[in-house]
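Written below as structure tokens is the structure these notes are about.
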Amino acid sequence: MTTHYDHAQVQEFWQYVWERDDVYALPDDADDPTYVLGMFPYTSGTLHMGHVRNYAITDAYARYRRMRGDDVLHPMGWDAFGLPAENAAFERKTDPRSWTEACIRRMREELETMGFGYDWSREITTCEPDYYRWNQWFFKRLYEEGLVEYEAASVNWCPDCETVLAAAQVEEREIERSETAETASGGAASRDVERVCWRCETPVTRRELDQWFFTITDYAEELHEGLDDLEGWPEGVREIQRNWIGRQEGARITFEVDQPHADGADRPVDVFTTRPDTVYGATYLAVSPGHDLARELAETDDDVGAYVETAREADPDEIGFAGVETEATATHPLTGEELPVYVAGYVLDDVGTGAVMGVPAHNERDHGFALEHDLPIERVIASKDATVEVDLESGAYTGEGIVEHSGDYSGLESETARKRLLEEVGEIEEDVTYRLRDWLISRQRYWGTPIPVVHCDDCGHVLVPDEELPVELPEFVRTTGNPLAEHDSFRETECPDCGGPARRETDTMDTFVDSSWYFLRFLSPGLEDAPFDTEVADDWLPVDVYVGGEEHAILHLLYTRFFTKALADLDLLSVREPIRELKSQGTVLYDGEKMSSSKGNVVAPREYGAETTRLFVLSAAHPEQDFEWTANNVRGAYDLQQDLYGMAADFVEEGQTRVERKPHDEYIAREIDRTIAAVTDEYERFRFHRAATEIRELARLLRRYREYETVHGEIYRRGLLTLAALIAPMAPHLGEECWNKLRGEGLAVEADWPEPTHGVDDYRRERRLVETTLADVRDIVDTAAIEDPERIDLVVAREWTYDALAVVAEAVDDTIDGADTGRLVERVLESDLEVDVDRETVAPFVADVVERGDHTELEGVLEPTAEREILERSAWLVTDEFDADVTVRRASDDDDLAATARPGKPGIHIR
């Protein structure tokens, strides 16, 4: 074949045709369309391979569903707000809007060049006022529902980005431990963890600031429980969310605390523990630096005040076991003993209640603190194994065991003691806590949604009225820190309630607010009086397939689930989960590392062409797996395109065919059907790499068929049209060009998905029979060193053996040991075989079946008539490979090959 497929030459034409015919637009009267969505891109400036892989997956599946007859919603938009755009604009001495709009133009052009089939009439851009006005509207509705709080908090601060970070936006990075630290730990090589900004990797510090929060913790239980129902989500993503939500069952224990300088009665302090059975081992009470008790004590105790101030600004991972003893004392709820009270940095504000009962003997962190402050270590749990010795000076014993030194509960097993304590002690109650913290949405930056609040000295926090939304961003002011705080005309305003002077909120919203509901705006992007059409949303949601990286399991997907549930409680939605099926894409690697501009290992899509790039990223591996980008493997995708196009072009140009049908034509017709069934199954399961392999194998077979002799015109053309249709979702320009050359009806993108002309329920069995038979012939030829086979006989097993095999398999599955061949022979002889056979004939067959294990592969065996027909139709493959005459016949009792023929394994004789 000399015909060359030039993708660049055809892509512009077919993209024009698709746009002219508006083939990707969703009909207005669509009823519950298939909603296929890729996580929309941040406007970074150019597409990278992560984008291409994500959108190649969604595009291939959307095209496939469209060819299956579905109405398909497949939109695209832009995650356009955010700190990186603001920083990039600052570096280029321009404003964020100009930079972002330029990035969108460039990325949109690249997406169109790649041939992705989006309904561009639904395009949304989150930095446009007609989008972010609804962020502000949602903020108000959530505020009215009690899901928004404004409070002082010790927050994560990125000094480089000059903004706060939500807990999920702080990443842990391993760093080498200092030489001094290694020496202190005995000289062993070790590593520490540093908390860094997710965007710029700058070490994070702590600050005390007034901030806005969405109270996602109100939905902690539902978010946790709902994960069990998300069967279409990868277990890895669900487990990440479970761990982040951090649901723990345990007990809340109340300690009464006496503050020497406080008036009135003792104040209660609750602690949470998963091990109430260790309560008698408590030797101190510790609260976090941010706990209310710590703040109260800091007002009258200078040492506590100094420590609280220092700890508040410090990285929690650097505090270690530092702490300060207070003048307060706590009363043990069971013994009445007075315990010292500490403010300790290792106790975290956002874990449990922010207070712990220190049980040094049975908690590693409590043990470390006790050693540091010379506190008592009292064992109250002993191992059930008397031979286990625990040195409490070197470490805590954290296992289950037998309770001791615990009053009436001594001698009980840990679990029993926990149950009785919960039942009998009023100060101990069952409780559940969560690691999940409220979503901090305040950002001290310009390029985001302004928070619709004004601060009035007389009225307090006042929400901007709906009719004044959106609160639009003013002109960009170049400054360090928060430009909005420096913009007088924006900041100074009037109070909507009293009309007096007020200050507009200068924080903007976290950009994950934008992406928490964007899938809803795609449903009705032009709607002016609501964020989305609730009736349409109820009909079309949840999203059927959502594709993106697993790294968004918390930052995006958890927030999206929260938003959906909150909107449902506002009667804006009827669904409570936004996504039915989630596909997590793997990473594209280069030289073993993730492609990254910072590493200088990025391959731009244009380097290899849109079609080759798309086909390669889909055929290289399962969508969830990482894969290595190599030029040699890319070549395989390029060659497949050339082969398919060349076959179609040569057929059209030469056109030499015949009309009479032969047995091997029937084999080709059946193999086309088998390929359709296999590829359909692979598309349904998102295994595009296997679909590409099936397409490649059919192309190879058709090429071999054409070289064998003059092809049957109807069958061969159907095979080529099938290839064009099957490849079209992955390589749409190629599929369209081949379809057009072969005079397929209409456009390939709108064509019906191919359907088998015959039943192909057994296509895997049929293929296995042909493949194993060919492999056996090759093995005999090689083993016997037959240089020039003249005749090859394939003998199908006697019919009674198929029934006997089924009897043996059933008997072994039921009651009979496979090694008991005598009983198996009896079972076969007692069965209703179609022919009479004696014990001498049956016994060696059964023994051979058991020895070979054939009875365990019964599902791979066809009926004898079907087996013979398939071998007859595929015999040309043997003839073509070995240039020998081939006969296929059924074995008879006096046939020499009858003894070697087995169901699914014909006897073979080569002359």
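The values are calculated or read from the model by the stated rules, or taken from the named source; none is laboratory data. Worth saying up front: this structure is predicted, and the values here are computed from it rather than measured. As a convention, Cβ positions derive from the backbone with ideal geometry for all residues, glycine included, and neighbour counts pool all protein chains shown.
When the residues of the range 787-809 are narrowed to those that are closer than 19 Å to residue 886 by Cα and out of contact with any Lys or Arg (no Cβ under 9 Å at 6 or more places or on another chain), which ends up surrounded by the fewest Cβ atoms within 10 Å (Cβ to Cβ)?
Going residue by residue through the range 787-809, those that are closer than 19 Å to residue 886 by Cα are 787-797.
After this cut, where a residue has to be out of contact with any Lys or Arg (no Cβ under 9 Å at 6 or more places or on another chain) as well, the list is 787-788.
On the way: 787: 6, 788: 8.
So the residue we want is 787.
Would you check if there is a residue in the range 83-104 being aromatic (Phe, Trp, Tyr), in contact (Cβ under 8 Å) with a residue 60 or more places away in the chain and buried (at least 20 other Cβ atoms within 10 Å of the Cβ)? Explain how you work it out, then say what you get.
At the first step, the residues of the range 83-104 found to be aromatic (Phe, Trp, Tyr) are 90, 99.
Adding the requirement that they be in contact (Cβ under 8 Å) with a residue 60 or more places away in the chain leaves 90.
Restricting the remaining residues to those that are buried (at least 20 other Cβ atoms within 10 Å of the Cβ) gives none.
So far as the range 83-104 goes, no, none of its residues is aromatic (Phe, Trp, Tyr), in contact (Cβ under 8 Å) with a residue 60 or more places away in the chain and buried (at least 20 other Cβ atoms within 10 Å of the Cβ).
Select, from 42, 16, the only residue that is free of Cβ contacts under 8 Å to residues at least 60 places away in the same chain, surrounded by fewer than 21 Cβ atoms within 10 Å (Cβ to Cβ), of a type in the set (Phe, Trp, Tyr) and in contact with a helix residue (DSSP H, G or I) (Cβ under 9 Å, 6 or more places away or on another chain).
Working: 16 fails: in contact with a helix residue (DSSP H, G or I) (Cβ under 9 Å, 6 or more places away or on another chain).
Going through 42, 16 in turn, the sole match is 42.
Sort out which residues of the range 109-125 are of a type outside the set (A, V, I, L, M, F, W, C) and under 21 Å from residue 523 (Cβ atoms), and write them in order of number.
At the first step, the residues of the range 109-125 found to be of a type outside the set (A, V, I, L, M, F, W, C) are 109-110, 112-113, 115, 117-119, 121-123, 125.
Scanning the range 109-125 gives 117, 118, 119, 121, 122, 123, 125.
Just checking: which of the strands (runs of 3 or more DSSP E) contained wholly in the range 246-316 hold 2 or more residues that are small (Gly, Ala, Ser), more than 19 Å from residue 329 (Cα to Cα) and at pLDDT 90 or above? Give the steps one after another, and end with the answer.
Values: elements: 248-258, 267-273, 284-287.
Here the list reads 248-258.
Being of a type in the set (A, V, I, L, M) and buried (at least 22 other Cβ atoms within 10 Å of the Cβ): is that true of residue 566 here?
Working: of a type in the set (A, V, I, L, M): yes; buried (at least 22 other Cβ atoms within 10 Å of the Cβ): yes.
So residue 566 passes the test.
Conditions tested, residue by residue: (1) touching a residue at least 40 places away in the same chain (Cβ under 8 Å); (2) closer than 19 Å to residue 211 by Cβ.
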| site | (1), (2) |
| --- | --- |
| 434 | yes, no |
| 439 | yes, yes |
| 491 | no, yes |
| 495 | yes, no |
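So, in the range 623-636, of the ones that are touching a Phe, Trp or Tyr at 6+ places or on another chain (Cβ under 8 Å) and in contact (Cβ under 8 Å) with a residue 24 or more places away in the chain, which residue ends up nearest to residue 697 (Cα to Cα)?
Taking the range 623-636 as the starting set, the residues that turn out to be touching a Phe, Trp or Tyr at 6+ places or on another chain (Cβ under 8 Å) are 623, 628-629, 633-634, 636.
Those still in the list that are in contact (Cβ under 8 Å) with a residue 24 or more places away in the chain too: 623, 628-629, 634.
On the way: 623: 21, 628: 23, 629: 23, 634: 18 Å.
For the range 623-636, the residue satisfying everything is 634.
Before we move on, is residue 112 among the acidic types (Asp, Glu) and touching a residue at least 60 places away in the same chain (Cβ under 8 Å)?
On the way: among the acidic types (Asp, Glu): yes; touching a residue at least 60 places away in the same chain (Cβ under 8 Å): yes.
Spelling it out, residue 112 is indeed among the acidic types (Asp, Glu) and touching a residue at least 60 places away in the same chain (Cβ under 8 Å).
Do we find a residue being in contact with a Lys or Arg (Cβ under 7 Å, 6 or more places away or on another chain) and either of a type in the set (S, T, N, Q) or in the same structural domain as residue 581 (by TED's automatic domain parsing) (or both) anywhere in the range 697-717?
Yes, that holds for at least one residue.
If you scan the range 653-672, which residues turn out to be in a helix (DSSP H, G or I) and surrounded by 15 or more Cβ atoms within 10 Å (Cβ to Cβ)?
Hits for the range 653-672 are 664, 665, 666, 667, 668, 669, 670, 671, 672.
Can you find, within the range 572-603, the residue that is farthest from the chain's Cα centre (by Cα) among those that are modelled with pLDDT of 85 or more, small (Gly, Ala, Ser) and in a loop (DSSP other than H, G, I, E, B)?
Only one residue fits best here, namely 574.
Under 6 Å between Cβ atoms, which residue pairs at least 6 apart in sequence (or on different chains) link something in the range 119-143 that is free of Cβ contacts under 8 Å to residues at least 60 places away in the same chain and closer than 18 Å to residue 99 by Cα with a partner that is buried (at least 16 other Cβ atoms within 10 Å of the Cβ) and among the hydrophobic types (A, V, I, L, M, F, W, C)?
Pairs found: 125/78; 125/80.
When residues of the range 144-171 are filtered for being surrounded by fewer than 16 Cβ atoms within 10 Å (Cβ to Cβ), assigned to a strand (DSSP E or B) and either modelled with pLDDT under 80 or touching a helix residue (DSSP H, G or I) at 6+ places or on another chain (Cβ under 8 Å) (or both), how many remain?
Residues meeting the conditions: 0.
Just name the residue that is nearest to residue 136 (Cα to Cα) out of those in the range 443-489 that are hydroxyl-bearing (Ser, Thr, Tyr) and touching a residue at least 12 places away in the same chain (Cβ under 8 Å).
Taking the range 443-489 and keeping what is hydroxyl-bearing (Ser, Thr, Tyr), we get 446, 449, 479-480, 489.
When the remaining residues are screened for being touching a residue at least 12 places away in the same chain (Cβ under 8 Å), the result is 446, 449, 480, 489.
On the way: 446: 15, 449: 7, 480: 25, 489: 20 Å.
Here the residue is 449.
Those residues that are under 27 Å from residue 52 (Cβ atoms) and out of contact with any strand residue (DSSP E or B) (no Cβ under 8 Å at 6 or more places or on another chain), I need them from the range 554-578; list them, please. Walk me through it before giving the result.
We begin by selecting, within the range 554-578, every residue under 27 Å from residue 52 (Cβ atoms); these are 554-560, 578.
Within the range 554-578, 554, 555, 558 meet the criteria.
Looking at residue 385, is it out of contact with any Ser or Thr (no Cβ under 8 Å at 6 or more places or on another chain) and more than 23 Å from residue 306 (Cα to Cα)?
Working: out of contact with any Ser or Thr (no Cβ under 8 Å at 6 or more places or on another chain): yes; more than 23 Å from residue 306 (Cα to Cα): yes.
Yes.
Per-residue answers, yes or no, for (1) out of contact with any Leu (no Cβ under 6 Å at 6 or more places or on another chain); (2) surrounded by fewer than 20 Cβ atoms within 10 Å (Cβ to Cβ):
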position	(1), (2)
586	yes, yes
613	yes, no
639	yes, yes
645	yes, no
676	yes, no
688	no, no
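Given the criteria touching a strand residue (DSSP E or B) at 6+ places or on another chain (Cβ under 6 Å), in a helix (DSSP H, G or I), among the small types (Gly, Ala, Ser) and crowded, with 20+ Cβ neighbours inside 10 Å, does residue 62 qualify?
Numbers: touching a strand residue (DSSP E or B) at 6+ places or on another chain (Cβ under 6 Å): yes; in a helix (DSSP H, G or I): yes; among the small types (Gly, Ala, Ser): yes; crowded, with 20+ Cβ neighbours inside 10 Å: yes.
In short, yes.
Yes/no matrix, rows are residues, columns are (1) in a loop (DSSP other than H, G, I, E, B); (2) over 32 Å from the mean Cα position of the chain (by Cα):
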| position | (1), (2) |
| --- | --- |
| 417 | no, yes |
| 431 | no, no |
| 437 | yes, no |
| 447 | yes, no |
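Inspect all residues belonging to the range 761-772 and state whether any of them is under 30 Å from residue 60 (Cα atoms), without any contact (Cβ under 8 Å) to a residue 60 or more places away in the chain and part of a loop (DSSP other than H, G, I, E, B).
The answer is yes; a qualifying residue exists.
Take residue 526 and tell me if it is in contact with a strand residue (DSSP E or B) (Cβ under 6 Å, 6 or more places away or on another chain), within 30 Å of residue 51 (Cβ to Cβ) and part of a loop (DSSP other than H, G, I, E, B). Lay out the reasoning, then the answer.
Numbers: in contact with a strand residue (DSSP E or B) (Cβ under 6 Å, 6 or more places away or on another chain): no; within 30 Å of residue 51 (Cβ to Cβ): yes; part of a loop (DSSP other than H, G, I, E, B): yes.
So residue 526 does not fit the description; no.
Looking at (1) under 31 Å from the mean Cα position of the chain (by Cα); (2) over 30 Å from residue 491 (Cβ atoms), can you tell me which one residue 426 breaks?
Condition not satisfied by residue 426: (1).
Going through the range 441-470 one residue at a time, which ones are over 16 Å from residue 85 (Cα atoms), of a type outside the set (D, E, K, R) and touching a Phe, Trp or Tyr at 6+ places or on another chain (Cβ under 9 Å)?
Listed by number, the residues that qualify are 441, 442, 450, 451, 452, 453, 461, 463, 469, 470.
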